[in-house]
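These notes concern the structure reproduced below.
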Amino acid sequence: MSSRAALLVLADGRFPAGGHAHSGGAEAAVKAGRITDAASLAAFCRGRLHTSGLTAAALAAAAALGHDPYALDAAADARTPSPALRTAARKLGRQMMRAARATWPCPELDALAAAFPRGAHQPVVLGTTARAAGLGPEDTAHCVAYETVSGPATAAVRLLSLDPFQATAVLARLAPDMDRVAERAAAAARQGIDTLPAASAPLLDITAEQHAAWPVRLFAS
């Protein structure tokens, strides 16, 4: 399989990595009235992309380059102040690991799974998976950037009965932002773990904790 084809497989929303069960903060934002239509969805996605998305893309790109995954997991923990989001990231990492080992089996994935039986952070697993699939840091960062905005956009269709054509248009118009974030993430990853970005979105952290306490919710996060 070529790297281009591997990228399409990894970025496909049908890849069984568990992301469909998570809204990326969109469910809480919809309830709070911060996402009400396509325009507010675009603003939410853009903010998420340039903060937590940039951080996750850089972590994944660093893993794709072969940086120490154990140090990267610790770096991901340090960049995720919300306990609810740390839990979600490890659950997603565990689910992605199952899919990755079935799709691109390799010793690096086996070692990571053995070291983190409850799941490493999802960006670290994704980056290690991308490495196993023959992808470089740029493609890996693009995959994460797209995932960062496609998750909330898909969730908004379900939460708001938003026109799917409008949600897709939001993603298309964010393409230049995704390119810029991926380029920044890959460049930072090449300089080492200590230079990885730590861009944060405090409101996402706060609402994630609130969302985790809801007795009834459509999405896991």
**Prompt:** If only one of Leu49, Leu41, Leu8, Leu54 is in contact with a helix residue (DSSP H, G or I) (Cβ under 8 Å, 6 or more places away or on another chain) and farther than 12 Å from Gly151 by Cα, which one is it?
**Reply:** Leu54
**Message:** Just the residues that are open to solvent by 60 Å² or more (accessible area, probe 1.4 Å) and over 18 Å from Arg94 (Cα atoms), please, taken from segment 9-31.
**Reply:** Lys31
**Request:** Name the one entry in Asp110, Asp139 that is of a type in the set (Asp, Glu) and touching a residue at least 24 places away in the same chain (Cβ under 8 Å).
**Result:** Asp139
**Request:** Could you identify the single residue in Ala89, Ala43, Ala64 that is at negative phi and either more than 15 Å from the chain's Cα centre (by Cα) or β-branched (Val, Ile, Thr) (or both)?
**Result:** Ala43
**Item:** Qualifying positions in segment 36-66 - surrounded by fewer than 24 Cβ atoms within 10 Å (Cβ to Cβ) and touching a Gly at 6+ places or on another chain (Cβ under 7 Å)
**Value:** Arg48
**Prompt:** Considering only segment 172-221, how many residues are farther than 17 Å from Lys31 by Cα, outside any helix (DSSP H, G or I) and open to solvent by less than 50 Å² (accessible area, probe 1.4 Å)?
**Reply:** 6
**Request:** Please tell me if Val144 is under 19 Å from His121 (Cα atoms) and open to solvent by less than 20 Å² (accessible area, probe 1.4 Å).
**Result:** yes
**Filtered residues of segment 113-136 (kept if assigned to a helix (DSSP H, G or I), touching a residue at least 40 places away in the same chain (Cβ under 8 Å) and among the small types (Gly, Ala, Ser))** = Ala115, Gly127, Ala130
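The values are calculated or read from the model by the stated rules, or taken from the named source; none is laboratory data. Given the structure is predicted, the values throughout are model-derived calculations rather than measurements. As a convention, Cβ positions derive from the backbone with ideal geometry for all residues, glycine included, and neighbour counts pool all protein chains shown. Protein only, heavy atoms only, side chains kept; ligands, DNA and RNA dropped before computing areas. Shrake-Rupley method; radii C 1.70, N 1.55, O 1.52, S 1.80 Å.
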